[in-house]
Amino acid sequence: MSFPTFSIGTYAQDHGPRGKVIDYNVPIEFDGITINPGDIIFGDRDGVLVVPRKVEKEAFEGAIEKFRGEKKVKKALENGMSTVDAFNKFGIM
């Protein structure tokens with residue numbers, strides 16, 4: 001029918017007579033990976049990332065630090081530094 005669809009909330013909005021909610025706000029498991037209430041889920045076309053709430057601060061601080069380092073590498077490369085020298089200096093690529 002080619003019209004956009006979306007939903008917001010914690011369950012499908014038209015669940016109604018076709019199903020029954022048996023639980024919510026509990027841990028779930030997919031393919032051996034446990035996801036707990038409050039964990040952060042990020043997904044895109046490349047896959048899904050689960051950041052456990054207990055390491056949320058550490059994970060995001062590490063990601064921000066990596067991004068800052070990558071900006072330094074990018075600037076060094078734009079200024080003519082070789083990739084080998086940039087890696088040796090910054091330790092990241």
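The values are calculated or read from the model by the stated rules, or taken from the named source; none is laboratory data. For clarity, every value in this text was computed on a predicted model and none was experimentally measured. Every residue, glycine as well, gets a Cβ built from its backbone with ideal geometry; the counts of neighbours run over all protein chains shown.
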Output for Cβ contacts, cut-off 9 Å, separation at least six or different chains, first residue within 20 Å of Phe90 (Cα to Cα) and touching a residue at least 12 places away in the same chain (Cβ under 8 Å) in segment 56-69, second surrounded by fewer than 11 Cβ atoms within 10 Å (Cβ to Cβ) and not charged (D, E, K, R), reads Gly69/Gly91
Pick out, from segment 1-91, the strands (runs of 3 or more DSSP E) lying fully within it that include 3 or more residues that are modelled with pLDDT of 90 or more, surrounded by 11 or more Cβ atoms within 10 Å (Cβ to Cβ) and under 19 Å from the mean Cα position of the chain (by Cα).
47-51
Segment 77-93 residues that are under 16 Å from Lys66 (Cα atoms) and in contact (Cβ under 8 Å) with a residue 24 or more places away in the chain, paired with ones that are surrounded by 11 or more Cβ atoms within 10 Å (Cβ to Cβ) and of a type in the set (A, V, I, L, M, F, W, C) (beta carbon under 7 Å, 6 or more apart):
Ile92/Val73
